[in-house]
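The structure appears below as structure tokens.
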Amino acid sequence: MKLALKVDVDTYRGTRRGVPRLVELLKKHGAGATFLFSLGPDHTGRAIKRAFRRGFIGKVSRTSVLSHYGFATLLYGTLLPGPDIGRRCADVMRRVRDAGFEVGIHAWDHVKWQDGVPKADARWTERQMRLSRERFEEIFGEPARAHGAAGWQTNLHALRLTQRLGFDYCSDTRGSGPFIPVWRAEIVACPQLPTTLPTLDELIGANGLTKKNVADHVLNLTRECPAAGHVYTLHAELEGGKLAPAFEAMLV
């Protein structure tokens with residue numbers, strides 16, 4: 001079985017608390033992973049507008065958002081100022097690279113990207129991507145080689161920029177296997193390695209799945225492995241927090 005682990009780091013809390021715990025777990029079991037960081041302000045509280053989207057309430061009711069993210073995080077960008085993750089957690093990020101893990105870009109402002117990019121124009125999209133690219137270089141002293149869009153949300157302008165900004169590959173989408181994006185016969189020469197498996201927060205609470213048996217379910221999904229293998233996305237706030245035991249059960 002080929003299984004690539006992609007760690008999406010969405011928040012200040014996830015960076016400060018979840019990332020070190022995941023590094024410890026992965027090193028303990030000799031597993032590699034790619035960590036994709038949110039590099040600008042944490043505005044998680046602004047995601048409240050998603051409450052009006054279909055399916056959102058059902059998802060959050062199955063997993064305790066408050067216990068995973070913390071009260072302060074849910075106020076960032078509304079009643080509390082959003083901390084600048086890249087400024088305050090640069091040391092944590094560098095330690096991940098120094099521990100031997102691949103690092104890349106998730107977003108500048110996670111909530112702003114996820115909610116705004118589907119309808120964004122080229123100027124907005126380029127500004128967001130360049131902000132994250134510049135901050136990454138400031139922290140690590142070299143350009144990012146990998147990008148994974150927040151919430152698997154992207155647009156044509158962003159796809160074109162993945163080529164122009166020189167990424168080796170991206171994981172911006174969900175799908176069944178690697179592909180080269182093509183839009184109306186226009187080839188975007190930056191391969192996409194999509195997430196192929198569901199996430200724990202999508203599974204727990206549905207179809208009898210719990211924290212105790214969800215790891216077995218995910219592993220069962222990998223029994224029929226595509227030629228290029230699977231990509232599993234985990235979150236620093238979840239698997240690096242209260243769902244760490246479930247994630248570790250997948251590594252054993």
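The values are calculated or read from the model by the stated rules, or taken from the named source; none is laboratory data. Just so it is clear, the model here is predicted, and its values are computed rather than measured. Cβ sites come from the backbone with ideal geometry, for glycine too, and all protein chains shown count toward neighbours.
Computed values, structure above
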{"quantity": "Condition met for PHE136 (buried (at least 17 other Cβ atoms within 10 Å of the Cβ) and modelled with pLDDT of 95 or more)", "calculated": "yes"}
{"quantity": "Cβ pairs under 8 Å, 6+ apart, first in the range 19-35 and farther than 23 Å from TYR169 by Cα, second at pLDDT below 95", "calculated": "HIS29/VAL252"}
{"quantity": "Flag if ASP172 is under 12 Å from the mean Cα position of the chain (by Cα) and of a type in the set (D, E, K, R)", "calculated": "yes"}
{"quantity": "Among the residues listed as ILE105, ILE139, the single one being assigned to a strand (DSSP E or B), in contact (Cβ under 8 Å) with a residue 60 or more places away in the chain and among the aliphatic types (A, V, I, L, M)", "calculated": "ILE105"}
{"quantity": "Test: residue in the range 85-98 that is among the aliphatic types (A, V, I, L, M), in a strand (DSSP E or B) and crowded, with 21+ Cβ neighbours inside 10 Å", "calculated": "no"}
{"quantity": "Filter result for ARG97 (among the basic types (Lys, Arg), touching a residue at least 40 places away in the same chain (Cβ under 8 Å), over 25 Å from VAL182 (Cβ atoms) and in contact with a strand residue (DSSP E or B) (Cβ under 7 Å, 6 or more places away or on another chain))", "calculated": "yes"}
{"quantity": "Candidates LEU165, LEU209, LEU203 - the one that is under 29 Å from ARG87 (Cα atoms) and without any contact (Cβ under 8 Å) to a residue 40 or more places away in the chain", "calculated": "LEU165"}
{"quantity": "Selection within the range 54-84 - of a type outside the set (A, V, I, L, M) and at pLDDT 90 or above", "calculated": "THR73, TYR76, GLY77, THR78, PRO81, GLY82, PRO83, ASP84"}
{"quantity": "Qualifying position, being of a type outside the set (Phe, Trp, Tyr), out of contact with any Gly (no Cβ under 9 Å at 6 or more places or on another chain) and surrounded by 20 or more Cβ atoms within 10 Å (Cβ to Cβ), among LEU156, LEU203, LEU197", "calculated": "LEU203"}
{"quantity": "Wholly enclosed helices (runs of 4 or more DSSP H) of the range 179-252 bearing at least 3 residues more than 16 Å from the chain's Cα centre (by Cα)", "calculated": "214-221, 244-251"}
{"quantity": "Every residue from the range 168-185 that is more than 13 Å from TRP152 (Cβ to Cβ) and without any contact (Cβ under 8 Å) to a residue 24 or more places away in the chain", "calculated": "ASP168, PHE179, ILE180, PRO181, VAL182, ARG184, ALA185"}
{"quantity": "Residue check for GLU126: surrounded by 17 or more Cβ atoms within 10 Å (Cβ to Cβ), more than 19 Å from the chain's Cα centre (by Cα) and not aromatic (Phe, Trp, Tyr)", "calculated": "yes"}
{"quantity": "When residues of the range 142-153 are limited to those that are touching a residue at least 24 places away in the same chain (Cβ under 8 Å) and assigned to a loop (DSSP other than H, G, I, E, B), the one surrounded by the most Cβ atoms within 10 Å (Cβ to Cβ)", "calculated": "GLY148"}
